[in-house]
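Encoded as structure tokens, the structure appears first; notes follow it.
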Amino acid sequence: MFLPDFCWKSRSPWLVDNSYRMTTDTAPLSEVKAPTQAATGIIDLRSDTVTKPTAAMRAAMASAEVGDDVYGEDPTINRLEARAAEIFGREAAIFVPTGSMGNQIAIRLHTQHGQEVVAESRSHILDWEMAMVAAFSGCQIRPVPAERGILTWAHIEPAIAGKIYYRAQTGLISLENTHNMAGGTVTPLAVMQEIWAGAKAAGLPVHLDGARVFNAATALGVDVAELTRGFDTVNFCLSKGLCAPVGSMLVGSRELIARARSVRKALGGGMRQAGILAAAGLIALEEMPARLGEDHANARLLAEAIAFAPGVEIDLEAVQTNIVIFKLAKGGDAAALVTRLKHRGILAGSVGPHAVRFVTHRDVDRAACEVAARIAVEEISQK
Ligand SMILES: *Cc1c(COP(=O)(O)O)cnc(C)c1O
């Protein structure tokens, strides 16, 4: 139905061009050493997605009570969904294998084919979700650039299509908090409150891509329920800084989440004894948000050290959570720097030709961040 031809052709655009990979150094990690910091001294700051499940998670997974979740019979999944709904002050929640699937289910729920989704110009739903807003929901994104990725109602209102028959109508507003590609920046509560009020007056639903919403809540010192109250749906990841091995959650009204179950099944996301994953997810949800402040402090340490290196452009005020993005001035080659860092045991990612990204997380402690900062400054200084 919606799947375009190239899905079946051998020369799929998904296979031929690697230039969009965030980590542009694609040589296998095995060339460096085995990929764990503890065993080898490798410090992996490519993303918080690399976190491994904790010992408590592995124990809980081993003894998880399970059933067939397509039949609604997995008690651990049911507990995780009930608990996520409770923590976010919502009627219901659904476990999904990835954040991308959670976002795409939400977009499908809120929109009709031929509509527009207003989103920030570097948002994950635009750059990293395989054009599924078009391919699956039949919508296009109306991208709106905003400084530090922070959309305000003043940005959004003019991007909403006028109610006239010859314009594609806006079906949804989607925010991202924290904003990944803007460097983990945080949209404050008051800014979102104005957006919720404006959207309500315009009769438009609002979705939050809250992959790292617990990082935003930590940075603001605001509870996630309060921080997300005005969104119709919220997607968040258990698998990033919260350290679960797999999974995200979509929360919303009972009616929306009931429809989300059908859409998830249509996407092949109906899982069976998924309680194995939910057992880790419950620990992620209950215990891991409290330690995110450590990751934020480590990101700050890295950012402040790198700011002293020659030829680095970094917006220190944009380093608000666990992501550090800096630019190499005078056309400095980010991919080459990432490769040099890798040969010294520091894994990072490049974001475009001149920018490098570090993401801090539980599996890289403060001492390791100090080492990474020192080596990064040395390598940047080597021009
Ligand atoms: C990681 C991330 C997602 C989801 O990614 P998956 O790899 O599909 O789980 C969604 N939005 C943002 C902003 C993210 O950083």
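Assorted remarks:
- A search for C-beta distances below 6 Å between a residue of the stretch 160-182 that is assigned by TED's automatic domain parsing to the domain that holds GLU120 and any residue that is open to solvent by 20 Å² or more (accessible area, probe 1.4 Å) and charged (D, E, K, R), counting only pairs 6+ apart in sequence or on different chains, returns ALA161/ARG167; MET181/ARG122; ALA182/ARG148.
- When ALA334, ALA318, ALA278, ALA299 are checked against the criterion of being buried (at least 18 other Cβ atoms within 10 Å of the Cβ) and closer than 17 Å to PRO53 by Cβ, a single residue qualifies: ALA278.
- Sub-8 Å Cβ pairs linking a first residue in the stretch 234-255 that is under 13 Å from ASP363 (Cα atoms) to a second residue that is within 11 Å of the ligand (Cβ to nearest atom) and charged (D, E, K, R), at least 6 apart or interchain, are LYS240/ASP48; LYS240/ARG212; GLY241/ASP48; GLY241/ARG212, ordered by first then second residue.
- Condition met for ILE87 (more than 14 Å from ASP209 (Cα to Cα), in contact with a strand residue (DSSP E or B) (Cβ under 9 Å, 6 or more places away or on another chain) and of a type in the set (Val, Ile, Thr)): yes
- Residue within the stretch 289-303 that is within 24 Å of ARG212 (Cα to Cα), outside any helix (DSSP H, G or I), in the same structural domain as SER47 (by TED's automatic domain parsing) and free of Cβ contacts under 8 Å to residues at least 24 places away in the same chain present: no
- Boolean, ILE160 is touching a Leu at 6+ places or on another chain (Cβ under 9 Å) and either at pLDDT below 95 or surrounded by fewer than 21 Cβ atoms within 10 Å (Cβ to Cβ) (or both): yes
- Qualifying residues in the stretch 199-214 (those that are open to solvent by 10 Å² or more (accessible area, probe 1.4 Å) and in a helix (DSSP H, G or I)) - the one farthest from the ligand (Cβ to nearest atom): ALA201
- Flag not set for MET101, criterion: at pLDDT 95 or above, within 16 Å of the ligand (Cβ to nearest atom) and assigned to a loop (DSSP other than H, G, I, E, B).
- Single unsatisfied condition, VAL32 versus (1) within 16 Å of the ligand (Cβ to nearest atom); (2) at pLDDT below 95: (1)
- None of ALA93, ALA119, ALA84, ALA64 is assigned to a loop (DSSP other than H, G, I, E, B) and assigned by TED's automatic domain parsing to the domain that holds LEU227 except ALA64.
- All positions within the stretch 245-267 that are open to solvent by 20 Å² or more (accessible area, probe 1.4 Å) and within 21 Å of the chain's Cα centre (by Cα): PRO245, VAL246, VAL263, LEU267
- Residue ID - farthest from the ligand (Cβ to nearest atom), chosen from residues in the stretch 66-98 that are touching a Ser or Thr at 6+ places or on another chain (Cβ under 9 Å), hydrophobic (A, V, I, L, M, F, W, C) and within 14 Å of ALA258 (Cα to Cα): ALA92
- Under the condition of being among the small types (Gly, Ala, Ser) and over 15 Å from GLY247 (Cα atoms), the residues counted in the stretch 264-316 number 10.
- Restricting attention to the stretch 107-121, the residues being in contact with an Asp or Glu (Cβ under 8 Å, 6 or more places away or on another chain) and either among the aliphatic types (A, V, I, L, M) or more than 12 Å from the ligand (Cβ to nearest atom) (or both) number 2.
- MET61 being at pLDDT 95 or above and farther than 23 Å from ALA135 by Cα: yes
The values are calculated or read from the model by the stated rules, or taken from the named source; none is laboratory data. Keep in mind it's a predicted model, so treat the numbers as computed, not measured. Here Cβ is always computed from backbone atoms with ideal geometry, including for glycine, and neighbour counts include all displayed protein chains. Side chains included, ligands, DNA and RNA excluded: accessible areas come from the protein's heavy atoms. Shrake-Rupley method; radii C 1.70, N 1.55, O 1.52, S 1.80 Å.
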